[in-house]
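Everything below concerns the one structure shown next.
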Ligand code: CMP
């Protein structure tokens, strides 16, 4: 399988509960390497752009307000089949439907406050990584 990169966000509900290290341990245990990472407060404009695909959804406003409510940790993860692998490690969007030992089953509070985001395709991974990192910030 090819080595890929995916984009990850540890969301406000995770940073507020001091779960950065616990979630990073689950990421690394799954064989993914954190090749870039920074803790930032994203702006409303960045959140609206990042989630623009969901603009028409009823939860869009709530999602944007949540993402700017506290710091997040943005990351680039690298590994074989990293995009699918990270989605497996995260578990289902709704934590009540997530499999045991996944990040969302273990830590998420609700479908909205679900601790982590991961890219869903190679195309979106490239777009999302470029929104938050320049090339020389990613060290594999
Ligand atoms: P994420 O993987 O970051 O991509 C879109 C996000 O929208 C998703 O995680 C959830 O946090 C959020 N989301 C999806 N469905 C709902 C919902 N019904 N109510 C609130 N937030 C939602």
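A few comments on the model shown:
- For region 1-46 and region 67-140, distance of Cα centres in Å: 6
- When the chain is treated as a Gaussian network with alpha carbon springs shorter than 10 Å, the biggest mean-square fluctuation among 54, 117, 107 belongs to 54.
- Most mobile of 38, 109, 55 in a GNM of the chain (Cα contacts under 10 Å): 55
- DSSP assigns beta bridges within the chain; of those with both partners inside it, close to 100 percent run antiparallel.
- Computed over the chain, the per-residue total of -39500 (n - 2.57) for DSSP H runs of n ≥ 4 gives a 222 nm mean residue ellipticity of -10500 deg cm²/dmol, rounded to 500.
Any read-out appearing in this document is the output of simple, stated calculations on the displayed coordinates, not a laboratory observation. Computed from a predicted model, the values in this text were never measured in an experiment.
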